[in-house]
Ligand SMILES: Cc1cc2nc3c(=O)[nH]c(=O)nc-3n(C[C@H](O)[C@H](O)[C@H](O)COP(=O)(O)O)c2cc1C
């Protein structure tokens, strides 16, 4: 489809299948895993532009890229051009190689301060932010993530994309919904195709891409330079190799076997505990385990009890037993696993 590699500024990407930024999901361990399993590019979860929050545990984790495969891209959320410029400088000093600006997130927490997708309804401020950030970190590529507009009757993505290109943006990702649509209905790709036709910088198509075939169809329909996958990668980080393989060969890869899923999940769990610390890691990893296992036979009773486990050892042990036992997972004795790990912790 596209034979030459895609570049963002000086960075040549491995392929054209990206991980979408998802707050609370695409932390460094998950991004790294997606990249290892085939994603060509990943942007961090959004980090606050407000300097008062930079030292917070949450923002520091979101801006931590130690050991991450290059290029390292940080997404910033905020509504004040000067503050966004300052935040961009701060992140570039800490190793960010690309700065992404969030104009796509409809979350109340973000939109109440007129940031995220609310910025699309305030075009002068949106453009001022891209200009301010681009001139604050000259030489560092700036990208923007947008929706198609504030509401279905005000789809201004094409006009804004032209303005952002003029303001110095190096790439734009477009989620095919308006802010008002939140996550409802279906993503539409006509606006993304119109954005692609209106600018010369690379355009990334995003929204509801959940299979290799859908990725191909969206690329064909929009003419976009790349696709970006969000929710379909939750608990399925191997989707990136499935899509890249299909785009390259037209053939579908076999689904990963249970052994591989267990080994990917274990790797994810271990990296997650290391990154977040054991106490908070055992809680924050539960949603990931849910995503990996929820569709498997017998998962529901297993997960209900898994979510009561309080130590990494108990969680790892339970995951191993889920995959090892030939009996329905509902009968796995999670209480015994929990007791065992508590006893180990006590005697240590
Ligand atoms: C849990 C969650 C968190 C998200 N956080 C962000 C974010 O921090 N920044 C952003 O630009 N978009 C965020 N998004 C939007 C996604 O990047 C993406 O645009 C959206 O999920 C549509 O793609 P999909 O249909 O492939 O999931 C988030 C989405 C989800 C589901």
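Coordinate-derived values only; no laboratory data. In this text the structure is predicted, and so the values were computed from the model without any measurement. Don't worry about glycine lacking a Cβ; one is built from the backbone with ideal geometry, like all the others, and counts go over all protein chains shown.
When both the range 125-140 and the range 173-238 are represented by their alpha-carbon centers, they are found 25 Å apart.
The separation of the range 149-167 from the range 247-262, counted between C-alpha centres, amounts to 37 Å. Which residues does a label at residue 64 reach in the range 268-310, if reach means a backbone N under 11 Å from a point 7 Å past the Cα toward the Cβ? Residues 272-278, 281 fall inside that zone.
At an R0 of 41 angstrom, the distance between the Cβ atoms of residue 194 and residue 310 translates into a FRET efficiency of 0.20. Each 5 Å bin, from zero up to the one with the longest distance, holds this percent of the alpha carbon pairs of the range 117-191: 3, 18, 28, 23, 14, 9, 4, 1.
Projecting label points 7 angstrom from Cα along Cα→Cβ for residue 210 and residue 183 puts them 1.1 nm apart. I'd like the antiparallel share, as a percent to the nearest 5, of DSSP beta bridges with both residues in the chain. Around 5 percent of the beta bridges assigned by DSSP in the chain are antiparallel ones.
Each residue, residue 151 and residue 274, gets one label point 7 Å from its Cα in the Cβ direction; the gap between the two is 5.0 nm. Across every direction, the projection of the convex hull enclosing the Cα atoms of the range 137-281 has a mean area of 11.5 nm².
When 22, 220, 120 are arranged by Cβ crowding within 10 Å, least crowded first, meaning fewest neighbours, the order is 220, 22, 120. Across the range 247-307, counting alpha-carbon atoms alone, Rg and Dmax equal 14.2, 44 Å.
Ordering 59, 222 from the fewest to the most neighbouring beta carbons within 10 Å gives 59, 222.
Neighbour counting of Cβ atoms within 10 Å sorts the residues 56, 3, 284, 44, fewest neighbours leading, into 3, 56, 284, 44. Along its first, second and third principal axes, ordered by size, the chain spans 61, 48, 37 Å in Cα coordinates.
So how far, in whole Å, is the C-alpha centre of the range 48-78 from the one of the range 11-34? For the range 48-78 versus the range 11-34, the Cα centre distance is 14 Å.
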